[in-house]
Amino acid sequence: MADIGVLGLGVMGRNLSLNLADHGYVTAVFNRHPEVTDRFLAECRQREPSWTWLQGFHELEAFVNAIERPRRIVLLVKAGDPTDLTIDNLLPFLDPGDILIDCGNAHWLDTIRRERELRRQEILFVGSGISGGETGARFGPSLMAGGSLEAWKRIEPVWLDIAAKVDPKTGDPIEGAAPGKPVREGEPCAAWVGENGAGHYVKMVHNGIEYIDMQLIAESYWLLKHLGGFDNPTLADIFARWNQGDLASYLIAITAEILRQPDPAGKGYLIDKILDAAGQKGTGKWAATSALDLGVPANALAEAVFARFLAALVEQRHQASRVLNGPQPLQATDPDALTRQLERCLYSAKICAYAQGFQLMQAAQEKYGWHFDFATIARIWRGGCIIRARFLNRIAAAFDTSPDLANLLLAGDFRRVLSEDHAAWRRSVADAVLSGLPVPALSSALAYYDSYRSERLPANLIQAQRDYFGAHTYERVDRPRGAFFHFDWHGSRQEIYSD
Ligand code: NDP
């Protein structure tokens, strides 16, 4: 009998099956088009040492019957309707107590609905976020599971086995996994984060942070290139150096590698030949929409999504560039000083990005009745996933010290960094603005920082305007919160207490 089943043999399903097989789990595999299953197993036979642990099936019933009961079946199919369709097709063959684990990028509200509907039929449903793309799925992803604790207990050993591992002393990811040689030591980057849709919500926030992180790095690259005048090999060296310090992370490391890549189709570098129109699959938009719905000021997150929308207007931008004026970029007189300044700028903005992501999860847990352990979430993002970064150790430590921390910016460690580095951040944004170089994420994160630390904001005027045209009332600074007043702007010009 198979220990576990994987349904859906796309990029993720194939690689997760091999990861499971490497860890000694007999894995039944199925794909709606049987030729995909056959091709996968034929390829495995040639080059994968663990292929004998895989069992392929053409019929759904035979696939289900091959798995030990109560069954554990991982779904890795396209999110949305295909997932519902797949579950409907599976249901006639399942028994009470079986567990379905959806690792697709499902919307958390779909996961809440599916968990509720399947519970009525005594099927346990886990929505587990998975991050790390193809390589993560193959050699160790970050896994964020949501569902009942009963279901989690049944999948926990498997999830801890196949997840990425970090060194318990340094907190850095343990690299070096290879086919047939999985990493077995270290702290696993997998955890149960809460009931029903919690895992998929946390994964969505991970992707939202990924959007900001990438946008912040792209803007820093642009400033280095245009203000510093660095060529690609020098830019690559700068990112490689940054990867040794506070900014150490997967995204910074791959940026250095990308910048070094010559164009395989001609002269120059590949980066300069790639069209500047970023794509997206929607999880960043979900995160920004959720922030709007929950009233969370995640402005950098929204800006990162808008920046991709704007970049996608390639033809319009080309036309506008010929008719709309702007300044010439400033030229840095001291390129090394610029590099140091931008390193501090990027780190400060990155702290804000993560602060916004964690604030979003704080608001969501109230709305959906989850109880997130934020230190654990930070820890399981240290390995396997796209936003893995050394400074997640600092975030975990901040939440260990104060589990109810209202905002990461208030944690002692980050407060100190920001009070030292905000000047470099301001200088960088000012240089960008004066040079006509767009930095929507760096500047909106700075606006977030300045707004959050402002004892007073000009919202008093907004409230007065609202009261003026719509009698929407206002609170007074010299009265307790919750007492509302209206000023009769158009008549008696008296202030009226309004309960
Ligand atoms: P692929 O496009 O490589 O594979 C999609 C899989 O879904 C295939 O097995 C396909 O079957 C199946 N499928 C598509 N439509 C249907 C349908 N109507 N009914 C049944 N099965 C269907 O996708 P990935 O492997 O990249 O992604 C799988 C899931 O994992 C998605 O939800 C994705 O969002 C998520 N994910 C992807 C990541 C990535 O980096 N790629 C990272 C994290 C999560 P067939 O071969 O027969 O078409």
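Data overview
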{"quantity": "Verdict on I174 being β-branched (V, I, T), open to solvent by less than 10 Å² (accessible area, probe 1.4 Å) and either touching a residue at least 24 places away in the same chain (Cβ under 8 Å) or away from the ligand (no atom under 14 Å from the Cβ) (or both)", "calculated": "no"}
{"quantity": "Candidate set from segment 430-454 (those that are under 16 Å from L346 (Cβ atoms) and of a type in the set (F, W, Y)); member that is least open to solvent (accessible area, probe 1.4 Å)", "calculated": "Y448"}
{"quantity": "Near pairs, Cβ below 7 angstrom, 6+ apart or cross-chain, from segment 463-484 (in a loop (DSSP other than H, G, I, E, B)) to any residue that is open to solvent by 90 Å² or more (accessible area, probe 1.4 Å) and at pLDDT 95 or above", "calculated": "E475/R481"}
{"quantity": "Evaluation of H200 against (1) surrounded by fewer than 24 Cβ atoms within 10 Å (Cβ to Cβ); (2) at pLDDT 95 or above (one fails), failing number", "calculated": "(1)"}
{"quantity": "Pair list, Cβ < 9 Å and 6+ apart or interchain, from segment 433-459 residues that are assigned to a loop (DSSP other than H, G, I, E, B) to residues that are crowded, with 18+ Cβ neighbours inside 10 Å and of a type in the set (V, I, T)", "calculated": "V439/V429"}
{"quantity": "Lone unmet requirement of (1) open to solvent by less than 40 Å² (accessible area, probe 1.4 Å); (2) over 22 Å from Y201 (Cα atoms) for R317", "calculated": "(1)"}
{"quantity": "Total residues in segment 124-162, condition open to solvent by 10 Å² or more (accessible area, probe 1.4 Å), among the hydrophobic types (A, V, I, L, M, F, W, C) and more than 16 Å from the ligand (Cβ to nearest atom)", "calculated": "4"}
{"quantity": "L409 vs. criteria within 19 Å of D213 (Cα to Cα), free of Cβ contacts under 8 Å to residues at least 60 places away in the same chain and touching a Lys or Arg at 6+ places or on another chain (Cβ under 8 Å)", "calculated": "yes"}
{"quantity": "Count of residues meeting criterion [open to solvent by 10 Å² or more (accessible area, probe 1.4 Å), touching a residue at least 12 places away in the same chain (Cβ under 8 Å) and farther than 19 Å from K350 by Cβ] in segment 233-267", "calculated": "4"}
{"quantity": "Helices (runs of 4 or more DSSP H) contained in segment 1-119 and holding at least 2 residues closer than 22 Å to G140 by Cβ and either open to solvent by less than 30 Å² (accessible area, probe 1.4 Å) or within 15 Å of the ligand (Cβ to nearest atom) (or both)", "calculated": "11-22, 34-47"}
{"quantity": "Among residues of segment 137-153, those that are part of a helix (DSSP H, G or I) and closer than 24 Å to R14 by Cβ, counted", "calculated": "3"}
{"quantity": "Test: residue in segment 490-499 that is in a strand (DSSP E or B), acidic (D, E) and either in contact with a helix residue (DSSP H, G or I) (Cβ under 7 Å, 6 or more places away or on another chain) or open to solvent by 30 Å² or more (accessible area, probe 1.4 Å) (or both)", "calculated": "yes"}
{"quantity": "Residues being in contact (Cβ under 8 Å) with a residue 12 or more places away in the chain and not in a helix (DSSP H, G or I) - total across segment 291-317", "calculated": "5"}
{"quantity": "Residues that are more than 35 Å from the chain's Cα centre (by Cα) and farther than 18 Å from S498 by Cα, drawn from segment 446-464", "calculated": "L461"}
{"quantity": "Failed item, numbered, when W222 is tested on (1) over 20 Å from A311 (Cβ atoms); (2) in contact (Cβ under 8 Å) with a residue 60 or more places away in the chain", "calculated": "(1)"}
{"quantity": "Output for segment 268-308, where each listed residue is of a type in the set (K, R) and at pLDDT 95 or above", "calculated": "K273, K285, R308"}
{"quantity": "Residue that is crowded, with 17+ Cβ neighbours inside 10 Å and more than 29 Å from the chain's Cα centre (by Cα), where the choices are D421, D467", "calculated": "D467"}
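Every residue, every condition in (1) touching a residue at least 24 places away in the same chain (Cβ under 8 Å); (2) of a type in the set (K, R); (3) at negative phi, yes or no:
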site: R72; (1), (2), (3): yes, yes, yes
site: L75; (1), (2), (3): yes, no, yes
site: K78; (1), (2), (3): yes, yes, yes
site: D88; (1), (2), (3): no, no, yes
site: F93; (1), (2), (3): yes, no, yes
site: H107; (1), (2), (3): yes, no, yes
site: R113; (1), (2), (3): no, yes, yes
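The values are calculated or read from the model by the stated rules, or taken from the named source; none is laboratory data. Small disclaimer: the values here were computed from a predicted structure and weren't measured. No Cβ is skipped: glycine too gets one built from the backbone with ideal geometry, and neighbour counts run over all protein chains shown. We work out accessible area using only protein heavy atoms, side chains counted, and drop any ligands, DNA or RNA first. Shrake-Rupley method; radii C 1.70, N 1.55, O 1.52, S 1.80 Å.
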